[in-house]
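The values are calculated or read from the model by the stated rules, or taken from the named source; none is laboratory data. A quick note: this is a predicted structure, and the numbers were derived from the prediction, not measured. FYI the Cβ positions are ideal-geometry reconstructions off the backbone, even for glycines, and counts take in every protein chain you see. Heads up: the accessible areas ignore ligands, DNA and RNA and are worked out on the full protein's heavy atoms, side chains in. Shrake-Rupley method; radii C 1.70, N 1.55, O 1.52, S 1.80 Å.
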Amino acid sequence: MLQDIHWTEYIRFDKNAFAAPKNGVKAATRKTPDGRYIFWIHLHESEQKHIAVSVETTGYTSEHLEQATKELRERLGSLV
């Protein structure tokens, strides 16, 4: 699902993403070395079934950040 979004650059497991709300999205506390935004996603079904990933984006501006946050929340809402 995430790889289908045209502005996603790289998706990987990231233990820091557990800081995001359960079944939610949070902007990471850092950006990529070249200044692009990173999001953390924490998917939680139970204590035994959960995962946290970071999503590197192609966006540099606050407008990109707002649009990406909105789209990620909409897509996550259809999953949970």
The chain - charge dipole about Cα centre, Lys and Arg +1 at Cβ, Asp and Glu -1, debye rounded to 20: 260 debye
Thr32-His64 pseudo-label distance in nm [points 7 Å out on the Cα-to-Cβ vector]: 0.7 nm
By accessible area with a 1.4 Å probe, ligands and nucleic acids excluded, highest first: order of Lys15, Lys49: Lys15, Lys49
Fluctuation leader among Thr69, Thr29, Thr58 - the chain, Gaussian network, Cα springs under 10 angstrom: Thr29
For His64, net neighbour charge (Lys/Arg +1, Asp/Glu -1) across residues whose Cβ lies under 14 Å away: -3
Carbon and sulfur %, accessible surface of the chain computed with the full protein complex present, 1.4 Å: 51 percent
Gain upon complete extension [Glu9, Ser46; 0.36 nm per residue less C-alpha separation]: 10.5 nm
Per-residue [θ]222 nm for the chain (sum of -39500 (n - 2.57) over DSSP H runs n ≥ 4, rounded to 500): -7500 deg cm²/dmol
Accessible area per residue in Å² at 1.4 Å probe, computed on the chain: 64 Å²
